[in-house]
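Notes follow the structure.
The values are calculated or read from the model by the stated rules, or taken from the named source; none is laboratory data. This is a predicted model, so every value here is computed, not measured. For neighbour counting, all protein chains shown are included, and Cβ atoms are generated from backbone atoms with ideal geometry for every residue, glycine included. For the accessible areas, the whole protein counts, side chains as well, though only heavy atoms, and no ligand, DNA or RNA atoms are used. Shrake-Rupley method; radii C 1.70, N 1.55, O 1.52, S 1.80 Å.
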Amino acid sequence: EPTGIDRSGPHQTDELGGLVTPFALATRYNNFYELGWGKGDPARHAEVLRSYIAAHEPWTVTFSGEVERPGTYDLATLLGWGELQERTYRLRCVEAWSMVMPWQGVLLGDVLRRVGYTSQARYVQLTSVFAPETLPGQRSASLDWPYVEGLRLDEALHPLTLLASGMYGEPLPAQNGAPLRLAVPWKYGFKWAKSVTHIALTREMPLTTWSVAAPHEYGFYANVNPDVDHPRWSQATERRLDGQGGGLMEARQETLPFNGYAEQVAGLYAGQDLRRDF
Amino acid sequence: MAAGDVAVRRRPPGGQPLERALEQTGVLALLLLVLSLACTPLRVWTGWTWPARVRRALGLLAFGYAALHLLIYALDQGTLAQLPADLLKRPFITAGGLALALLLPLVLTSGRQAVRRLGFQRWQQVHRLVYSAAVLAALHFYWGVKGDKTEPLLYAGALALLLGWRLWRATAPARRA
């Protein structure tokens, strides 16, 4: 594990001055329940997913539902549908910790425009890898596998919404959702579906994994919102994991509405009660 | 990459060791509480006397870890200013705080002279608070765990057995009569 190498790339901070999280920390402290429930489990079991990906080359994504050109496309093809984007995004977990990470990928909007969507399409549903015989976390029925996430179509088409295939200038590590994941920086991390295999355009709001598992704790929208608490903790502050805490205690800072992207995305929710649609 | 893998495995996942300490002290407190509740059934079933002798130490240790758990929570939050509000509006925190508070009278009357001072019956009444404290602690754990609830359910199951046994024993003579 080349932990001594600085792979934070050209972006040492985000546009708000937040330090980029060290690569070693970003790849060792993860929530990816398909690979286990502990923060260190995804890194520990990364090889399982790496082997699975290698055995299923090329990775494919299947488009279905209200799509004009449904079908299964391999990753390289899909990544050719849009211009490569380099974005440094804040990742705010619903558990009140956050990181700043550089991502590479294509706009989900470019991909959706390429496959085309019908006038009936209102939502986008993303499904993660399903391999219960391989992935240790999927052997328990604690969540309804496969992991499903979703966005409203206008959120999916927003120019901040990325399908990421890399971070820190490298292909996505397995524990971070290789080979393709969603990055929606104004939403809590659980919306950032990992290891995506299916994208469906739907008329109805998709039943997303966490909003089904604990509907009073996790809503469909899951926009970062310091004013709407999780039932068990406040969302007003977050612990920024930037490696500056000497490994013991990272500093707490105030959480910003829409994770600091309000200027770009607040308009999507004009007239909507975000306490109800949490 | 074998060496690297070992390094990853042996190092804590990084970022938030306080969070790990918070989890571990909480689980230890509950474990010790459950073990202290297992002493009497164990003594009755086996006739051994040592479980009765370690019971007090287990209970005191449970309180110690629970108090440490609160301290780490305060450190992690950076303040205890939010605690009163949290206790009122978050059932998860209420259960944990109440469990710790209920253990306090037991700690204060854990000395030998307390039994003499209170009289055995009143002392026993005070110490029955441990049942409520354990149930609240188990509930706090259940609510606190995200996703896989196997571990909190195991503790809840063990607790149900231990408390069920007491209930059964308390009512059994009446049924026989």
### Query
Under 16 Å Cα-Cα from A:LYS194, which lysines qualify once same-chain neighbours fewer than 8 residues away are excluded?
A:LYS39
### Query
In sequence order, what are the phi-derived ³J(HN,Hα) couplings for segment A:41-54 according to the Karplus relation 6.51 cos²θ - 1.76 cosθ + 1.60 with θ = phi - 60°, rounded to whole Hz, with x for glycine and proline?
4, x, 5, 5, 9, 4, 4, 4, 6, 4, 5, 4, 5, 4
### Task
Give me the Kirkwood hydrodynamic radius of segment A:80-138, using the inverse of the mean 1/r over all pairs of distinct Cα atoms, in Å to one decimal.
14.9 Å
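Expressed in nm², what is the orientationally averaged projection area of the convex hull enclosing the Cα positions of segment A:184-223? Mind showing how you got there, number by number?
On the way: hull surface 13.1 nm².
Mean projected area for segment A:184-223: 3.3 nm², to one decimal.
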### Message
Quick check: the angle from helix B:150-176's long axis to the longest principal axis of chain B, C-alpha only, nearest 10 degrees?
### Response
0 degrees
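Per-residue ellipticity at 222 nm for chain A, helices alone: DSSP H runs ≥ 4 residues times -39500 (n - 2.57), over residue total, nearest 500 deg cm²/dmol? Don't jump to the answer; show the numbers that get you there.
On the way: 8 runs with 44 residues, N = 278.
Taking each H run of at least 4 residues, the total per residue is -3500 deg cm²/dmol.
For B:VAL54, A:VAL148, give me the order by solvent-accessible area with a 1.4 Å probe, most accessible first, ignoring ligands, DNA and RNA.
B:VAL54, A:VAL148
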### Message
Rounded, prolate or oblate for chain A? Axes are the square roots of the Cα gyration tensor eigenvalues, ordered a ≥ b ≥ c, and the cut-off for rounded is a/c under 1.5.
### Response
rounded
### Task
Give me the distance in nm between label points sitting 7 Å out from Cα along the Cα-to-Cβ direction at A:THR72 and B:LEU60, one decimal.
6.6 nm
### Query
Taking the radius of gyration and the Kirkwood hydrodynamic radius from Cα positions alone, what is the Rg/Rh ratio for segment A:1-115, to two decimal places?
1.01
### Query
Binning every alpha carbon pair distance of chain B at 5 Å from zero, what are the percents per bin?
1, 7, 13, 18, 18, 14, 11, 8, 5, 3, 1, 1, 0, 0, 0
## Note on the structure
Karplus-derived 3J(HN,Hα) from phi for segment A:191-203 (6.51 cos²θ - 1.76 cosθ + 1.60, θ = phi - 60°), whole Hz, x at Gly and Pro, runs 6, 7, 3, 9, 6, 6, 10, 9, 10, 10, 9, 10, 8
### Task
Sorted from largest down, give the three principal axis spans of the alpha carbons of segment A:26-175, whole angstrom values.
42, 33, 28
### Query
Exactly which chymotrypsin sites (Phe, Trp or Tyr not before Pro) in segment B:37-112 are in a DSSP loop and have at most 16 other Cβ atoms within 10 Å?
B:TRP48
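Could you give me D for segment A:134-198, from Stokes-Einstein at 10 °C and 1.306 mPa s, where the hydrodynamic radius is the Kirkwood radius over C-alpha pairs? Units µm² s⁻¹, please.
Working: Rh = 12.9 Å.
D = 123 µm²/s.
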#### Entry: Heavy-atom SASA rank of B:TYR155, B:TYR131 (probe 1.4 Å, accessible area, largest first)
B:TYR131, B:TYR155
### Summary
Rg/Rh over Cα atoms for segment A:194-278, Kirkwood Rh, comes to 1.03
### Summary
Neighbours of A:THR237 by Cβ distance under 9 Å: Lys/Arg at +1, Asp/Glu at -1, summed charge 0
### Query
Over the C-alpha atoms of segment B:89-177, what are the Rg and the largest Cα-to-Cα span, Dmax, in Å?
15.9, 47
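Could you work out [θ]222 nm for chain B from helices alone, using -39500 (n - 2.57) per DSSP H run of at least four and dividing by all its residues? Round to the nearest 500 deg cm²/dmol. Don't jump to the answer; show the numbers that get you there.
Numbers: 9 runs with 150 residues, N = 177.
Rounded to the nearest 500, the figure is -28500 deg cm²/dmol.
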### Query
DSSP loop GluC sites (Glu not before Pro) in segment A:72-166 with at most 15 other Cβ atoms within 10 Å of their Cβ, which ones?
A:GLU83, A:GLU133
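Dividing the alpha-carbon radius of gyration of segment A:137-270 by 2.2 N^0.38 Å (N being the number of residues), what value is obtained? All intermediate terms of the calculation are to be shown ahead of the outcome.
Working: Rg = 15.9 Å, N = 134, 2.2 N^0.38 = 14.1 Å.
Against the empirical 2.2 N^0.38 Å value, I get 1.12 for segment A:137-270.
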### Task
Evaluate the distance, in nm, between pseudo-label points positioned 7 Å from the Cα of A:VAL212 and of B:ALA114 along their respective Cα→Cβ axes.
5.0 nm
### Task
Identify which of A:MET205, A:MET167, A:MET101 has the largest mean-square fluctuation in a Gaussian network model of chain A, with springs joining Cα atoms closer than 10 Å.
A:MET205
### Query
Given labels modelled 7 Å from the Cα in the Cβ direction, how far is it in nm from B:LEU163 to B:ALA52?
2.5 nm
### Share of Cα-Cα pairs in segment A:21-79 lying beyond 13 Å, as whole percent
70 percent
### Message
Tell me the angle of helix B:129-144 to the major Cα principal axis of chain B, expressed in degrees between 0 and 90 and rounded to the nearest ten.
### Response
30 degrees
### Long-range HN-HN contacts of A:LEU91 with modeled amide H, under 5 Å
A:MET99, A:VAL100, A:MET101
### From phi via Karplus (6.51, -1.76, 1.60), per-residue ³J(HN,Hα) for segment A:123-138 in Hz, x at Gly/Pro
9, 10, 10, 10, 10, 8, 3, 10, 8, x, 6, 10, 8, x, x, 7
### Summary
In degrees rounded to 10, the 0-90 angle between helix B:17-46 Cα long axis and the longest Cα principal axis of chain B is 20 degrees
